[in-house]
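The values are calculated or read from the model by the stated rules, or taken from the named source; none is laboratory data. Not measured: the values here are computed from a predicted model. Cβ sites come from the backbone with ideal geometry, for glycine too, and all protein chains shown count toward neighbours. Accessible surface is based on the protein model in full, side chains and every heavy atom, while ligands, DNA and RNA are left aside. Shrake-Rupley method; radii C 1.70, N 1.55, O 1.52, S 1.80 Å.
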Amino acid sequence: INAIHPSIHPSIIQIMSKVNALSWLLVLYNVLLVIQAFTIPSSSARRVLLDHGRIVQTYSSSSSSSCHYHRFNSYNTATKTKSSLFALTERQMQFWEDVEQGLSDIEAAYQQKTQSPSQSQPPSQYLDRIRTFAQTAQGILPPPTPTIPYHQPSQEHVHGLAAQPFWHVTSDPIQFPWASKLEENWQIIRQELDAKLDKEIQQKSLFSGDSAWQNNVMGAGWSAFRLQRLGVWNGDNCKEFPKTTELLRSLDIPFAVRGVCFARQQAKSGVQPHSDGRNFILTTHLGLKIPNQKCWIKVGGEERGWQEGKLTTLDTSFEHSTGNESEEDRHVLIIDFWHPELTEAERVALEFVYDLRNKFESGQVPVRKPKRLVQQQKQEKENKLGLAGLWDGLFSKGS
């Protein structure tokens, strides 16, 4: 015993000498377990080097979400200047446990669907990429490494998706069958916008409701009026644009989590270079009221202008910025939609993750002890009881 630890008190050595070799090994094992329980961080603390991924960091915040979720950029900024070892909070652990359970349920449903005789071409039911997405968002896996100039993907990343600054959606009717139909009917949207802008001259209210969240990136000159988010249409706002809403709903657009909004860029203003990070969402701008000159958008180092009645589609995980140096305001309709290379099951899974996140933020999910911690505490209690029993037995033998 002294060879293991010379400082052990002589009385302890005398007690140990009364116990047979097997009992001694059991006592030593339990002592080590107790020491480990009190001195070594949990497995999540040891393995999670949080890069302050966006999802992980949202649950203590109750601030309103924006059209592009730019409020998460502060976490990315902190990441670049400081890296430390963090453990997930209990609330975050609960969230990710619920995510994993939900992904398992979705995967099981698609596996059952593919076993149906009516499915001649079964959809992909595997969610490996979404589970990797979840691990990256938690910090278990490192964030993606950009391989293309100006590409700035975040921790919320789905591997294997094509990445390019601009997309020509109207030239690909197979992947984007709704794009040309939207351009063909753009005047419906423009007419409703004109009517509301004329009314706004007196009321000054159309673009004020969704702009309280603005930050230094978007600037004071950018504001929005939201129609849809997370698959939920804003009933009151949609009443202001009934024909637009009906048109959008009829086109079967695969709306993504950020939804649909009218966006205004005031004259003599611009949006600073930034990245929204999520590579699995594409964004299209339908030009509605565009100044004739000095109005531009730059994505991945490439600068373009908008055209009225035409779609400008971009991947906002690339660095992008806008400028309106003219004397007139610029108005576009912004639509966020799923990357076409996501499978149906992956879209459903991502919708589930972000819907669950919103429920956590709004307090709709009751707080509970994470199952992992419950099991860990149960094990620690059993270890303590086991050690106490052996210790009592040890002293009873010596009496």
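Structure notes:
- Failed criterion for residue 157 (all others in (1) over 29 Å from residue 331 (Cα atoms); (2) open to solvent by 40 Å² or more (accessible area, probe 1.4 Å); (3) within 21 Å of the chain's Cα centre (by Cα) hold): (2)
- The C-beta contact set for the range 128-157 (first residue farther than 12 Å from residue 277 by Cβ, second residue in a helix (DSSP H, G or I) and polar (S, T, N, Q), distance under 9 angstrom, 6+ apart or interchain) comprises 138/44; 138/92; 140/44; 141/132; 141/135; 142/136.
- Any hit, the range 240-260, residues being in a strand (DSSP E or B) and of a type in the set (S, T, N, Q): no
- Meets criteria (within 30 Å of residue 261 (Cα to Cα), of a type outside the set (S, T, N, Q), modelled with pLDDT of 90 or more and in a helix (DSSP H, G or I)) for residue 356: yes
- Qualifying positions in the range 359-380 - of a type in the set (Lys, Arg), more than 20 Å from the chain's Cα centre (by Cα) and either assigned to a loop (DSSP other than H, G, I, E, B) or surrounded by fewer than 15 Cβ atoms within 10 Å (Cβ to Cβ) (or both): 368, 369, 371, 378
- Breaking point among (1) open to solvent by less than 30 Å² (accessible area, probe 1.4 Å); (2) part of a loop (DSSP other than H, G, I, E, B), for residue 346: (2)
Okay, residues lined up against (1) part of a loop (DSSP other than H, G, I, E, B); (2) within 18 Å of the chain's Cα centre (by Cα); (3) not β-branched (Val, Ile, Thr):
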{"position": "271", "(1), (2), (3)": "no, no, no"}
{"position": "303", "(1), (2), (3)": "no, no, yes"}
{"position": "313", "(1), (2), (3)": "no, no, no"}
{"position": "337", "(1), (2), (3)": "no, yes, yes"}
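- Listed conditions (1) modelled with pLDDT under 95; (2) over 18 Å from residue 267 (Cα atoms) are all met by residue 206, apart from (2).
- Qualifying residues in the range 173-197 (those that are of a type in the set (D, E, K, R) and in contact with a helix residue (DSSP H, G or I) (Cβ under 8 Å, 6 or more places away or on another chain)) - the one surrounded by the most Cβ atoms within 10 Å (Cβ to Cβ): 192
- In the range 269-282, the residues that are farther than 13 Å from residue 257 by Cβ reach residues that are aromatic (Phe, Trp, Tyr) with C-beta atoms within less than 6 angstrom, at least six apart or across chains, in these pairs: 271/222.
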